[in-house]
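Contents: one structure, followed by commentary.
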Amino acid sequence: MKKLRCVKGMHDILPEDISKWHYIENSFRALVGRYRYEEIRTPILEPLDLFIRGIGETTDIVEKEMYAFSDKGNAQLALRPEGTASVIRAFLQNNLDSISTISKLYYIGPMFRRERPAKGRYRQFYQAGAELIGVEEPSADAEIIAMAVHFVETLGIENVTVQINSLGDEDTRPRYRQALVEYFSKLQDNLCTDCIRRLDTNPLRILDCKVTGCAKAGAEAPSVLDFLTRDSSQHFEKLQEYLSLYNISFNVAPGMVRGLDYYTRTIFEIQGAGELLGAQSTIVGGGRYNGLVKQLGGRETPTIGFAFGIERLLLLLGEGANHLKSNFAFVAGVGNGDVTRAIIVAEQLRRSGINVDVPYKQGSLRAQLKRADKSGAVVAIIAGEDEYCRNAVTLRNLKTGEQQEVHLDTLAEKIRELM
Ligand code: AMP
């Protein structure tokens, strides 16, 4: 029978790679914990309406990329394409604002977008992100950016740049929108059909279009920074002062808009360089989305956050992170009979905190040691009948081939020295 394959653009994450995943996830948990963020887990499946209202009906994600369907009870559902809308839904549904005026939440989990698969772009991918809910001040924006930068640095990823911009507030948007419509209307011949449609629906999105003609036209478009209100302008300036306080170098990128409609004021990206990422240079993206809580039925609440794709960070980590695999010992059973002694010794070691593999069935010692070496064990423990009568085993360093008899009472300690 023909073997089945997973869905196009989706991937299995295999044991040989999982240590790098754990490394990224654990580093992220540790880092955001230091800034006192707490984890929230939300369902993968949400009401479709959450993303239509949250992300925006005329964004690419909602228009083209969402896995949306009706279930057998005709409920309109979608696999979540990002984490922020779900976090805010959960924040409101569970009245988290009644517990504290400030909520600091983080999440890690799979997201789904039906994009064209490419290196660094998948249909199921994992995002981790953080949201700071309830703080209007630019110090919150700076903390979120600093945390993201700090995280990328923690992983040892170099040659990244931080791009920041401000999209202003509700007074900025209509005036800027009008300016873009006037500007792009004169250049319609250069725009793709999608962008001609966007002139009516969402002209800001034209600035995000990668089609050559649109990108060229977009490069000369009016700058949103010229349309900021005094408040937004001061917010943006203050943010830049704070970023200097954190020692973060950044570029102001007035043409950057990002793909989701909910952003207001600060937006930022951390971009990587080099061929490892393919055409996908953005590793972290985020910004302020002051309108989203209200949009989803809550009170006006200032909010800022970021998300990064774990797969893209993995591309940058490269092979260097392979050493992160945890060491383990292999206990071989020898002599007549079965693997009883191996099982007893292995269990004693596991209870002392050592990772141990066993042979399960009896075989020649040579074959067992070969298997231990091939599987990557650091040491082999040979539980031979004679030594075992003396409460001892033979400990073999698989790197050097050296062997010594070790009493069971000190075995765990000796193994630790070799690991
Ligand atoms: P966004 O939610 O679009 O702001 O994206 C935030 C981050 O998620 C990006 O910077 C990427 O690292 C990652 N990301 C977004 N879309 C994909 C995708 N289709 N495949 C892999 N990673 C993605």
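A few notes on this one:
- Being outside any helix (DSSP H, G or I) and of a type in the set (A, V, I, L, M, F, W, C) holds for only one residue in Leu77, Leu92, and it is Leu77.
Per-residue answers, yes or no, for (1) assigned to a helix (DSSP H, G or I); (2) within 19 Å of Gly56 (Cβ to Cβ); (3) in the same structural domain as Tyr23 (by TED's automatic domain parsing):
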| position | (1), (2), (3) |
| --- | --- |
| Ser139 | yes, no, yes |
| Ala142 | yes, no, yes |
| Glu153 | yes, no, yes |
| Gln163 | no, no, yes |
| Leu207 | yes, yes, no |
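- The one condition in (1) open to solvent by 50 Å² or more (accessible area, probe 1.4 Å); (2) more than 16 Å from the ligand (Cβ to nearest atom) that Arg114 fails to fulfil: (2)
- Screening the candidates Arg89, Arg53, Arg29, Arg34 for the property of being of a type in the set (Lys, Arg) and within 15 Å of the chain's Cα centre (by Cα) yields one hit, Arg29.
- Residues (among the acidic types (Asp, Glu) and more than 14 Å from the ligand (Cβ to nearest atom)) located in region 66-92: Asp71
- Residue count for region 12-30, restricted to those that are open to solvent by less than 60 Å² (accessible area, probe 1.4 Å), under 14 Å from Thr154 (Cα atoms) and in contact with a helix residue (DSSP H, G or I) (Cβ under 7 Å, 6 or more places away or on another chain): 4.
- For region 93-111, filtered to residues that are touching a residue at least 60 places away in the same chain (Cβ under 8 Å) and under 21 Å from Ala307 (Cα atoms), the residue that is farthest from the ligand (Cβ to nearest atom) is Lys104.
- The set of residues in region 43-72 being part of a strand (DSSP E or B) and under 16 Å from Leu292 (Cβ atoms) consists of Glu46, Pro47.
- Those residues of region 118-135 which are more than 8 Å from the ligand (Cβ to nearest atom) and modelled with pLDDT under 95, in sequence order: Ala118, Lys119
- Selection from region 165-191 of residues that are under 24 Å from Arg230 (Cβ atoms) and outside any helix (DSSP H, G or I): Asn165, Ser166, Leu167, Gly168, Asp169, Glu170, Asp171
- Among residues of region 280-317 being within 21 Å of Met256 (Cβ to Cβ), more than 14 Å from the chain's Cα centre (by Cα) and among the hydroxyl-bearing types (Ser, Thr, Tyr), the one that is nearest to the ligand (Cβ to nearest atom) is Ser281.
- Restricting region 383-419 to residues that are in contact (Cβ under 8 Å) with a residue 40 or more places away in the chain and among the β-branched types (Val, Ile, Thr), the residue that is nearest to Arg351 (Cα to Cα): Ile415
- Condition check for Ala140: in contact with a strand residue (DSSP E or B) (Cβ under 6 Å, 6 or more places away or on another chain), at pLDDT 95 or above and farther than 24 Å from Pro81 by Cα: yes
- Any hit, region 331-338, residues being at pLDDT 95 or above, hydrophobic (A, V, I, L, M, F, W, C), in contact with a Leu (Cβ under 7 Å, 6 or more places away or on another chain) and open to solvent by less than 80 Å² (accessible area, probe 1.4 Å): no
- Subset of region 181-227 [in contact (Cβ under 8 Å) with a residue 60 or more places away in the chain and open to solvent by less than 30 Å² (accessible area, probe 1.4 Å)]: Arg198, Asn202, Arg205
- Of all residues in region 266-284 being open to solvent by less than 30 Å² (accessible area, probe 1.4 Å) and either at pLDDT 95 or above or of a type in the set (Val, Ile, Thr) (or both), the one that is farthest from Val135 (Cα to Cα): Ile283
- From the list Gly83, Gly56, Gly33, the lone residue that is in contact (Cβ under 8 Å) with a residue 60 or more places away in the chain, within 24 Å of Thr154 (Cβ to Cβ) and among the small types (Gly, Ala, Ser) is Gly83.
- The single condition from (1) of a type in the set (S, T, N, Q); (2) closer than 20 Å to Gly286 by Cα; (3) open to solvent by 70 Å² or more (accessible area, probe 1.4 Å) that Ser233 fails is (3).
The values are calculated or read from the model by the stated rules, or taken from the named source; none is laboratory data. Worth saying up front: this structure is predicted, and the values here are computed from it rather than measured. Here the Cβ is made from the backbone with ideal geometry for all residues, glycine too, and neighbour counts use every protein chain on show. Just the protein is used for accessible areas: all its heavy atoms, side chains included, with ligands, DNA and RNA removed. Shrake-Rupley method; radii C 1.70, N 1.55, O 1.52, S 1.80 Å.
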